[in-house]
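Contents: one structure, followed by commentary.
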């Protein structure tokens, strides 16, 4: 028996009477500075990729490169990728006890304007202007639901550390994460 996924459509803005239930993370990076930090992060990652002679053509390649560089190398339970890309015409499904993850939908124009956030048995459809805004929504869900990243999702920890400037969160860092973090810091500082 197949179950029909529950889809939640999120409003693009909160109305004036709604109040958020969760306080935003206390970071050194305010809402206006995230865009600046994003450009700085992209530039640093591009320089790292260039040094590794890795060709980056768009934000997707950048995320794939980062995920590979910080991935856990020891054998652990296999999970779906934290951020994946699909050319789908159907709604992706989530299974019970699944960590939140993002499935980006690639359109014919190669732009990402929507995706699905999958968590437990929830499927939440997201609409944003660009790929990195969708990724930020995934990170914000971890904050809102007060979850820690599975060790397999090292990319989310790296993005949190360098995009949101949140070094207080406690997540397990892989040896590859620490190695790449040193390289990134050397290149950008």
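What follows draws every value from the coordinates through simple rules; no lab data is involved. If you're wondering where the values come from, they're calculated on a predicted model, not measured in any experiment. Reconstructed Cβ throughout: ideal geometry from the backbone, glycine too, with neighbour counts over all protein chains shown.
Things worth noting here:
- For the stretch 122-189: rounded, prolate or oblate by the Cα gyration tensor [a/c cutoff 1.5]: prolate
- The stretch 108-188 - percent relative contact order, Cα under 8 Å, separation 6 or more: 17 percent
- In terms of overall dimensions, the stretch 30-175 has a Cα radius of gyration and Dmax of 14.9, 41 angstrom.
- Rg over Rh for the stretch 62-137 works out to 0.97, both radii taken from alpha-carbon positions and Rh defined as the Kirkwood radius.
- Between residue 182 and residue 43, full extension at 0.36 nm per residue minus the direct alpha carbon distance yields a gain of 48.4 nm.
- Relative contact order for the stretch 30-175: 22 percent, from Cα pairs under 8 Å spaced at least 6 residues apart, divided by residue count.
- Using the Cβ-Cβ distance between residue 106 and residue 52 with R0 set to 25 Å, the FRET efficiency works out to roughly 0.50.
- Inter-probe distance in nm under a simple model that places probes 7 Å from Cα toward Cβ, at residue 172 and residue 95: 2.0 nm
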